[in-house]
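Step one of this worksheet: look at the structure below.
The values are calculated or read from the model by the stated rules, or taken from the named source; none is laboratory data. Just so we're clear, the structure is a prediction, and the values are computed from it rather than from any experiment. Cβ coordinates were reconstructed from backbone atoms using ideal geometry, including for glycine residues, and neighbour counts include every protein chain displayed. Side chains included, ligands, DNA and RNA excluded: accessible areas come from the protein's heavy atoms. Shrake-Rupley method; radii C 1.70, N 1.55, O 1.52, S 1.80 Å.
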Amino acid sequence: MIYNKGEYMKKNKNYFNYLIIFAVTAFALLPTVARADVIKKNIPMYMGIPYDESVSQMPTDYETSGTYKSLVTVSYDDVKKVLRLTPKKEGLGTLVIFDKNSKAPVYEFTVDIRKTDLTKVMREMTSLLSEIEGITIKIANNKVVVDGQIMLASDIKRIHNVVQQYVPLATSLVTLSPAAQVKIAQFIERAIGNPEIHVKAVNNKFMLEGIAEDEKEKSRAEIIAKTYVPDIVVDPAAASGAVRERMMMDVINLITLKVAPEAEPSRMVQVIVHFVELQKNYEKRFRFQWTPDIGENSGVSFTSGNSSPSGLTSTITGTITNLIPKLNWAKEHGHARVLQSSSLVVENGKQGIIDSTRSIPYTTFSSTGQPNTNTRDAGINTTVTPQIIGSRSDSVNLKLSFTVSSFEGDVNGIPITSKNSINTEIVVRSGASAAIGGLISNSSNAGYNRLPANASTNPIISLYASKQFTRNQSQFVVFVTPLIKSSASSGAENIKRKFRLRD
């Protein structure tokens, strides 16, 4: 049959299309096969244990060669692209895989088949791991398998090190027992020691729950829990990337803080202060005086008159004084007691002040004679700061400061005052009294044969004897008594009844 050119092209259109596609594909694949590097690998194998090798570049059409045929049986799974080698006898051989089309080698394997005794391996591993409880060692799938659940992460390290010595004849499926996490949680809860805080083991994490008194106790519980957390055991599936574990803290602190109760009103303290001053004076005087003296009053006078003769007249007169002897004797006793009491109710921990003084005025003059009026204070100034020790204690810590000044007299119109100060800190039980300080003074004075101010300076006879003895004693003591009260109004009813006051 004869066709023209147009009819021939029309009838063979599909044939040419297929030819062009095949040529382009062959041209694209040819450089790749030509440039591909040969993959070489040494495969150690043991009798009775099949070996699977991944061959991702396995050509569609392939052929094999080498000395492997008497040593191993080769099978290929084209779906998974896995080459399985099953040992037949001991020996060393080669397996070369070619691309059937290009005749180029793709894989070159050296197979080394060795003889092994799994029973011997299991016996040796059992001897090395005999101290670890909770595991079993058995032969499965032509391997020695260590399986079970253990309590300590350190035992997993030992199992791993032993199995690595027998790879690929041995493998480990040991995991950490969930009971170990529960036991560790009990240890953590016991170490925290707070019955309101509990510890749970959930998914290899430790969860702290409960109520803590404050932030310090909450942080302490978390630190104790982190101390007990065991080492992390890496799962093989997670290490290979088949399973992705969630990143989370080993210790999850869900402890809440206890709500602080409302602050109770501050307690009140009544401080009673007694200022006691005792004075004792004694004076004894004796004097004998006989000092007569003469006062001379001589003179000359002139007289004249009708009835009497006139002329010069002289007169001599004298006066004797202190002619009678004098005897003076006296003994004096003086006792005085000054008592002043101050009472102050103040809030616990706060400062209270009582100022009981009076101002004594006096006048001074400047250089130009201008008078100026000044004052000098005398009295008692008290500063008290009570602090109750503890919430249930009846002892009070008192910070005390006292200043006592008194009027002693004046010199040239300027008052003279004496001043006593006490500054201390003591602890006294409520209702008890304490003498916190005092001043004792003792002075004496004796005088013999001292002439009085009006004694004669020119006596005829001087018989004089005197003796004077003076002794002054004083004692100043401060007593303080704290009383703890529930409120400032406590005890007010007693005062009203005493002074007959009504609301």
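Can you name the number of the only condition in (1) out of contact with any Leu (no Cβ under 7 Å at 6 or more places or on another chain); (2) in a strand (DSSP E or B) that Lys350 fails?
(2)
Residue-wise test of (1) in contact with a His (Cβ under 8 Å, 6 or more places away or on another chain); (2) without any contact (Cβ under 8 Å) to a residue 40 or more places away in the chain; (3) acidic (Asp, Glu); (4) crowded, with 17+ Cβ neighbours inside 10 Å.
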{"position": "Ser130", "(1), (2), (3), (4)": "no, yes, no, no"}
{"position": "Thr136", "(1), (2), (3), (4)": "no, yes, no, no"}
{"position": "Lys143", "(1), (2), (3), (4)": "no, no, no, yes"}
{"position": "Gln149", "(1), (2), (3), (4)": "no, yes, no, no"}
{"position": "Asp155", "(1), (2), (3), (4)": "no, yes, yes, yes"}
{"position": "Leu169", "(1), (2), (3), (4)": "no, no, no, yes"}
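Among all residue pairs at least 6 apart or on different chains, which show Cβ distances below 6 Å where the first residue, located in the stretch 341-367, is under 25 Å from Phe479 (Cα atoms) and the second is open to solvent by 70 Å² or more (accessible area, probe 1.4 Å)?
The qualifying pairs are Asn348/Arg267; Gly349/Gln387; Thr357/Asp377.
Among the residues of the stretch 214-225, is any modelled with pLDDT of 70 or more and polar (S, T, N, Q)?
There is at least one residue in the stretch 214-225 that is modelled with pLDDT of 70 or more and polar (S, T, N, Q).
Of all residues in the stretch 428-462, which are modelled with pLDDT under 75 and in contact with a Lys or Arg (Cβ under 6 Å, 6 or more places away or on another chain)?
Listed by number, the list holds a single entry, Tyr448.
Enumerate the pairs (first residue in the stretch 270-293 and closer than 17 Å to Ser444 by Cα; second residue anywhere and among the small types (Gly, Ala, Ser) and open to solvent by less than 70 Å² (accessible area, probe 1.4 Å)) with beta-carbon separation below 7 Å, excluding pairs fewer than 6 apart on the same chain, so at least 6 apart or on different chains.
Taking only residues 6 or more apart or on different chains, the pairs are Leu278/Ser474; Gln279/Ala336; Gln279/Ser474; Asn281/Gly334; Arg285/Ala330; Phe286/Ser466.
Just to be sure before I move on: is Ile353 of a type in the set (Val, Ile, Thr), open to solvent by 80 Å² or more (accessible area, probe 1.4 Å), over 30 Å from Asn194 (Cβ atoms) and at pLDDT below 80 in the structure I sent?
No.
Of everything in the stretch 210-222 that's more than 20 Å from Lys183 (Cβ to Cβ) and either acidic (Asp, Glu) or in a helix (DSSP H, G or I) (or both), which residue is most open to solvent (accessible area, probe 1.4 Å)?
Result: Lys216.
Confirm whether Thr64 is surrounded by fewer than 17 Cβ atoms within 10 Å (Cβ to Cβ) and at pLDDT below 90. Don't jump to the end; show me each part of the working.
Details: surrounded by fewer than 17 Cβ atoms within 10 Å (Cβ to Cβ): yes; at pLDDT below 90: no.
Taking the combined requirement at face value, the residue does not satisfy it.
For the stretch 386-408, name all the residues that are open to solvent by 30 Å² or more (accessible area, probe 1.4 Å) and out of contact with any Ser or Thr (no Cβ under 6 Å at 6 or more places or on another chain).
Gln387, Gly390, Ser391, Arg392, Ser393, Asn397
Right, Val106: open to solvent by less than 20 Å² (accessible area, probe 1.4 Å), modelled with pLDDT of 85 or more and aliphatic (A, V, I, L, M) or not? Reasoning before the result, please.
Working: open to solvent by less than 20 Å² (accessible area, probe 1.4 Å): no; modelled with pLDDT of 85 or more: yes; aliphatic (A, V, I, L, M): yes.
Criteria not met by Val106.
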